Structures are given as C-alpha cells and as structure tokens.
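Worksheet: the structure to be examined is printed underneath.
The values are calculated or read from the model by the stated rules, or taken from the named source; none is laboratory data. Source: prediction; values computed, not measured. Glycine gets a Cβ as well: all are built from the backbone with ideal geometry, and neighbour counts include every protein chain shown.
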C-alpha cells in the first residue's frame, strides 16, 4: 500500500495556495504510507526563479554548492537548501549545464530531480514531519505531487522514496508493484540507461523518461508502458507541461480523480480530496482500467 | 434489569469532523439509541462497520473504505458516495448508497440487501455468498467475480469480464454487457426470474421500474455454464 496525491491548478490565481492545499491533501494518505514521503513542486518561483534550474541530490554534504559553482564560471552563486536527506541546488543555468557540473563536482551525489521549474524532495520518516521539513505549506506553483510509501519490494531509504524523477521536469509516483521490472531494467541497461536503486518504480520512471526522450508524448509513453509492464499500478506522472494518470488492467490499486474548472486533482482515496475548495461541484470519477488520462497546462 | 427500550434515546448525532470513527463504532456496537445521524464523514474509513442490531443509521456525506462492513440487521444509508468494499461481508440488513460505490462493493456478503443508486466500480459483488445487490446505474469490469450465491441486479450497463468463474449467483443486467468472463453465459428469463427481479427492484425502492413490464422485459440473466466446477486439464487454459 502507498498513497498518492496530485494537484494541477488550472486557475493561475490559486498558485499561492498550492502548498497549503497539498499539505491538506497529504493528511488523507499518511496511513497508506507511513515510512517515507516525497514531493515534487512545479512553478515555485521563490525556490527556483525564472531562468534558473534546480537539482535535487541525495548524499550531498553542505558546501557542495560552492564546489558546483566552481564548475560554472560566470553563472553566479549556486544556492544550497538542505532539507533532510535532500539537498536542493539552484543556479542560473540550464538543467543540462547544472547537472553536468554536479556530476563533475560531486560524483558521489545522486541526482533525484532536475528541472527548470520542478523541485523534488525525498526523505524517510513520518510524512507529516517531512511535509514540515519540505516547508510544503509555503510552496507555491501550478502543479504538485506527493507520495507516501509503505515499502514492499526494496529498502526503506531516500533512494526508494517516490517521486522518481529521472528526466528533466518529469516525476512519477506509483502505488503497486511491477513484476517484470528486472527484465525491463536489463533491456534499458542494454540501451545505456543507468539506475540509482533496485526499486521497481525507478524502472517505470526510466522507461517513461526514455520514451519521452525518443519523442513520445506523455499519453503515448504511458500506453506503451501498459503494454510492456506486468504488475499492479496506479501511476501519476507529471512533466513541465502535463499531468497524467493510468491504472493497470486489473485496477486493484485505488485512484480517484476530481476535475474542477479551476483545478484537477488525483488521490488514492477520497478523504485526501474532501477538503479541496469546490469539491462538491467537481466531477469525481475513478480512472477506468488500462486507460490513460492526461491533462496539459 | 432495565429493558433495552427504557435506556434508548431518540436519535444520536455524531460529527466526524470533531469525533473519531472509533467512538462512533463503539457506540454502534453497544447502542443506547436506535437511530443515528453521522455528519461530516469526509471519506473516513470503516464508518458504521460491525453493526449488530436493528439500528437506523444515516450518514450525511461521502465515506471511505469498508463502510457498513459485516453489517447485521442494520439499516444504513449513505447520502453520498462510498469507497472500496462497502457492505463487505454483510450478513443481513439494508445498506443504501445514494451516490456511487468504488470497487468490491458487497464483497463476500452473505445476506441482506445492498442498494447503490448510482454506479458501482470494478468487482461489484466479488465472491458474493448470498446477499442481494441492486445497482441503479452501471457496474465496472469484473462484476460478480466468483460469486457463489445471491442476486445482482444492474439497471445500467456491465463492464467486461462479467461473472468470471461464477458459481450459483444470478445476475440480471438491463443495459449493455461487455465481454463475458470465463464460464459465464446468458440464460433464459423464465417467469420465476422475472418475479425475482420485480421483487428485488421493489425491495430496493425502484418501484417505477418494478411495475413496468416493458422495463423488466429488457433485463437479461447471466449465470454459470458450470464447466469450471471440477478441474479438468482440458480447461486449464481457461483458469
């Protein structure tokens, strides 16, 4: 069992409330995943200003910002924000330039998120404590997702915490387990893809990122995933312009979507949606088995 | 010794916005009233689970998992929608959902009546063991999976995989049916089936349809072909 929430704001006037609404939603999925929790926030310009990029790292010590800055002459300071297990670095550079500098300056660090307007936080512990550490209530932006984990197939550590963000601005959260991930992992490894963990969800995330990099749109990539992967899953995948939900053909893992003129929300359980403003007017539905639902900004 | 009636109050109201589900269920398991109102359920789990008595319970909002689970004799109404496993393992009584129900509604229920006025999701009536389910709208895929006994009435459509590996439960569907599950077939509608259907709709409060022969005439009956009752290697591909 794991818990998922996602909120995609259609109304720009609500962006200041993103974190507050997500923190409220998160309370509805704590019981589903009490061992760890992660968040991806899109469009918080206080944390990652326009023209900057953010990279989220595990196993990075204080001072890495200065080491990365040395590799980025002329781009100014690299800001460091240490949040539990996650170190977020922001710099006025493209995601590719920033990640190249990080790989050279701190090769021991693992990149767990990279984007122009997306910031990822991962950690182990009670989700409500982690939400405080991530300052979730203060977050703003146009889209965010969160996951609470009850580990079933790989270790409880920050690497195994969702979201898995392995492409620029792409985040994936998963409730369920893939059964043929080892086979697909080997196929991706043959194509040159490298992995950070033994986690099944990472394989799904790498698969989707690989398809997106080959030119698929999000919907096409998730249809392809449905043909390749066996197992149980409800997935929520976000990019720097979209939000998509899919469940496997058996659809044991719960999901409920609420669509409102001002926002689209998805959660594992209704109780995570119950307090959203306007929930009584929203169209509520369960995603049908095997069908991809996608929204664009 | 006091008789129960002397201690009963009129109606007790619980507000789940401020009170816990455990407190509510503790009261329902040792009732001091016969009628209860539950406000602000906000998707809480196990609301009114384990009721064992002739109680009337009105839940004013949406509920989460396992609402009215194991119900015995209770008459429980949800003025909203229900999450997974509503009325699972019900023994008797009546559970009514005014909105929609999530997956596995009425799972393994032995007796009583579950009415879903809206739609039910996947696996409605999975492993049903004798209860009756009446759905005003559609049901999702894999309805009546391995259902052993009882009746399921669907006034709308049924999704793919209906009645897969069904035993002796009877399923009546008025609308379209997707691909039938393994060993599920359409069966004749005899007068006894039409009478049973009419009685179920009437008990569910859907009297307009129950009293309209043309409405009743559109229902078709589904049940087991009984080819999977005994393992046979010729059938191994069908399991």
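Annotations for the structure displayed:
- Test: residue in the range B:70-78 that is more than 24 Å from the chain's Cα centre (by Cα) and either away from every other protein chain (no Cβ under 13 Å) or not in a loop (DSSP other than H, G, I, E, B) (or both): no
Rundown of residues vs (1) in contact with a helix residue (DSSP H, G or I) (Cβ under 7 Å, 6 or more places away or on another chain); (2) more than 13 Å from chain B (Cβ to nearest Cβ); (3) crowded, with 23+ Cβ neighbours inside 10 Å, yes/no style:
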| residue | (1), (2), (3) |
| --- | --- |
| A:239 | yes, yes, yes |
| A:249 | no, no, no |
| A:259 | no, yes, no |
| A:268 | yes, no, yes |
| A:273 | yes, no, yes |
| A:282 | no, no, no |
| A:285 | no, no, no |
| A:290 | yes, no, no |
| A:297 | no, yes, no |
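- Residue match in the range A:206-214 (condition: out of contact with any strand residue (DSSP E or B) (no Cβ under 9 Å at 6 or more places or on another chain), part of a helix (DSSP H, G or I) and either free of Cβ contacts under 8 Å to residues at least 12 places away in the same chain or assigned by TED's automatic domain parsing to the domain that holds residue A:109 (or both)): no
- Just one of the numbered conditions (1) touching a strand residue (DSSP E or B) at 6+ places or on another chain (Cβ under 6 Å); (2) crowded, with 19+ Cβ neighbours inside 10 Å; (3) outside any loop (DSSP other than H, G, I, E, B); (4) within 12 Å of chain B (Cβ to nearest Cβ) is not true of residue A:253: (3).
- Test: residue in the range B:178-193 that is buried (at least 16 other Cβ atoms within 10 Å of the Cβ) and in a helix (DSSP H, G or I): yes
- Condition check for residue B:87: buried (at least 21 other Cβ atoms within 10 Å of the Cβ), in contact (Cβ under 8 Å) with a residue 24 or more places away in the chain and under 18 Å from residue A:286 (Cα atoms): no
- Here the strands (runs of 3 or more DSSP E) wholly within the range A:1-113 that include at least 2 residues being within 14 Å of chain B (Cβ to nearest Cβ) and buried (at least 23 other Cβ atoms within 10 Å of the Cβ) are A:3-9.
Listed here are the residues, each with its yes/no results for (1) more than 23 Å from residue B:41 (Cα to Cα); (2) within 11 Å of chain A (Cβ to nearest Cβ).
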residue: B:86; (1), (2): no, no
residue: B:101; (1), (2): no, yes
residue: B:108; (1), (2): yes, no
residue: B:141; (1), (2): yes, yes
residue: B:166; (1), (2): yes, no
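- Residue B:67 within 14 Å of another protein chain (Cβ to nearest Cβ), within 10 Å of the chain's Cα centre (by Cα) and within 20 Å of residue B:204 (Cβ to Cβ): no
- Total residues in the range B:27-64 satisfying the condition of being farther than 19 Å from residue B:105 by Cα and more than 14 Å from chain A (Cβ to nearest Cβ): the figure is 17.
- Of all residues making up the range B:45-64, the number that are surrounded by fewer than 24 Cβ atoms within 10 Å (Cβ to Cβ) and closer than 22 Å to residue A:279 by Cβ: 5
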